[in-house]
Amino acid sequence: MSVINVERIKLFSTRSPWWCMVVAAALSLGLAALATGFLKGADEQRATIFITQGGTSISQMVMMVMAALAVTTEYRFGTIRTSFQAVPQRARLLLGKTVVVATLAGLVGEIAAFGGWGIGKLLASGADLSINTGAEWRMLAGRGIEFFLSAVIAVAVAILLRHTAGAIALLILWPLAVEQLFSLIPKVGDDMTKWSPFQNASAFIAQGNDGGLAGSVGDASNYALGPWMSLLYFAGWAVVLMAIALFTASKRDA
């Protein structure tokens with residue numbers, strides 16, 4: 001049996017991925033409903049696809065937690081040693097786990113994005129929520145890519161830290177707080193924020209889109225790079241962190 005099949009069976013034999021998928025879907029659909037269900041008159045006319053996506057950012061955090069748990073629970077209960085004995089090539093095993101976890105996260109990302117859009121289109125029937133531009137397609141279809149790469153980063157961080165609480169704390173606090181606090185640093189703070197990894201993930205998703213009630217979130221001046229270069233930059237972070245994690249895992253005791 002291939003490493004990917006084994007990792008798939010291991011992942012879905014636990015409850016955490018199922019709970020995470022349910023929570024991610026509920027957040028995306030629920031927050032989209034809250035954002036659009038009470039809009040009336042002029043506010044409904046100003047509604048855009050962007051405001052239907054508020055829950056997807058939180059869903060992304062949930063799937064990153066799921067990805068981290070897929071690694072740290074094995075270290076916590078010592079089953080990673082058995083896995084390494086069965087597959088001595090540690091990088092192969094960990095890459096197989098990464099593919100399974102990140103692919104699941106990517107699928108959830110697509111469901112979250114299009115599900116939130118569908119709820120918004122249903123509840124805010126007076127708004128123009130048609131997908132008319134490449135930027136709008138990127139914001140919806142690109143969520144899967146963003147979730148996939150975020151999960152790769154989460155797995156890499158979990159491999160490096162091997163501790164559930166530490167890994168989850170870092171994965172949640174970094175995009176939600178640390179990258180925002182960079183702007184408080186005199187002179188270089190704004191540039192540090194613009195070159196932060198998750199800020200560039202946001203640039204790929206939001207850039208070129210009309211924020212409507214959310215403001216000018218799609219303004220290119222808010223970001224350091226264009227949308228596709230921002231994606232490559234974010235992917236570069238994922239690749240580098242995973243390479244460091246695999247090298248570290250191959251050199252230390254399980």
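May I ask you to verify whether Met229 is of a type in the set (A, V, I, L, M), in contact with a helix residue (DSSP H, G or I) (Cβ under 7 Å, 6 or more places away or on another chain) and either within 17 Å of Ser57 (Cα to Cα) or without any contact (Cβ under 8 Å) to a residue 40 or more places away in the chain (or both)? For Met229, the condition - of a type in the set (A, V, I, L, M), in contact with a helix residue (DSSP H, G or I) (Cβ under 7 Å, 6 or more places away or on another chain) and either within 17 Å of Ser57 (Cα to Cα) or without any contact (Cβ under 8 Å) to a residue 40 or more places away in the chain (or both) - is not met. Among the residues of region 239-254, those identified as farther than 19 Å from Leu149 by Cβ, touching a helix residue (DSSP H, G or I) at 6+ places or on another chain (Cβ under 7 Å) and in a helix (DSSP H, G or I) are Thr248, Ala249, Ser250. Taking region 151-196 as the range and being free of Cβ contacts under 8 Å to residues at least 24 places away in the same chain and within 20 Å of Cys20 (Cβ to Cβ) as the test, the residues that pass are Ala165, Gly166, Ala169, Leu170, Leu173.
Which one is farthest from Ile172 (Cα to Cα) among residues in region 74-94 that are hydrophobic (A, V, I, L, M, F, W, C) and open to solvent by less than 70 Å² (accessible area, probe 1.4 Å)? My answer is Val87.
In region 128-157, of all residues being open to solvent by less than 30 Å² (accessible area, probe 1.4 Å) and small (Gly, Ala, Ser), the one that is farthest from Ala113 (Cα to Cα) corresponds to Ala156.
Which helices (runs of 4 or more DSSP H) sit wholly inside region 88-200 and have at least 2 residues that are of a type in the set (D, E, K, R)?
Details: elements: 90-123, 134-161, 164-173, 189-194.
The qualifying helices (runs of 4 or more DSSP H) are 90-123, 134-161, 189-194.
Count, please, the residues in region 201-226 that happen to be closer than 18 Å to Glu179 by Cβ and either touching a Pro at 6+ places or on another chain (Cβ under 6 Å) or assigned to a helix (DSSP H, G or I) (or both). Final tally of qualifying residues: 9.
Could you check, for region 247-254, whether at least one of its residues is within 22 Å of the chain's Cα centre (by Cα), open to solvent by less than 70 Å² (accessible area, probe 1.4 Å) and either of a type in the set (Gly, Ala, Ser) or over 17 Å from Ala135 (Cβ atoms) (or both)?
Initially, region 247-254 is screened for residues within 22 Å of the chain's Cα centre (by Cα), giving none.
No - not one qualifying residue is present in region 247-254.
Return the residues of region 105-127 that are within 15 Å of Cys20 (Cβ to Cβ) and either open to solvent by 20 Å² or more (accessible area, probe 1.4 Å) or over 21 Å from the mean Cα position of the chain (by Cα) (or both); say none if nothing qualifies. Spell out how you get there, then give the answer.
Within region 105-127, the first condition is being within 15 Å of Cys20 (Cβ to Cβ), and the residues that meet it are 105-109, 111-112.
Within region 105-127, Leu107, Ile111 qualify.
Among the residues making up region 174-221, those that are of a type in the set (S, T, N, Q) and either under 28 Å from Ala124 (Cα atoms) or open to solvent by less than 50 Å² (accessible area, probe 1.4 Å) (or both) are Thr193, Ser196, Gln199, Asn200, Ser202, Gln207, Asn209, Ser216.
The values are calculated or read from the model by the stated rules, or taken from the named source; none is laboratory data. Here the structure is a predicted model, which is why all the values come from computation and not from measurement. Reconstructed Cβ throughout: ideal geometry from the backbone, glycine too, with neighbour counts over all protein chains shown. Quick note on the areas: whole protein, heavy atoms, side chains included, nothing else; ligands and nucleic acids left out. Shrake-Rupley method; radii C 1.70, N 1.55, O 1.52, S 1.80 Å.
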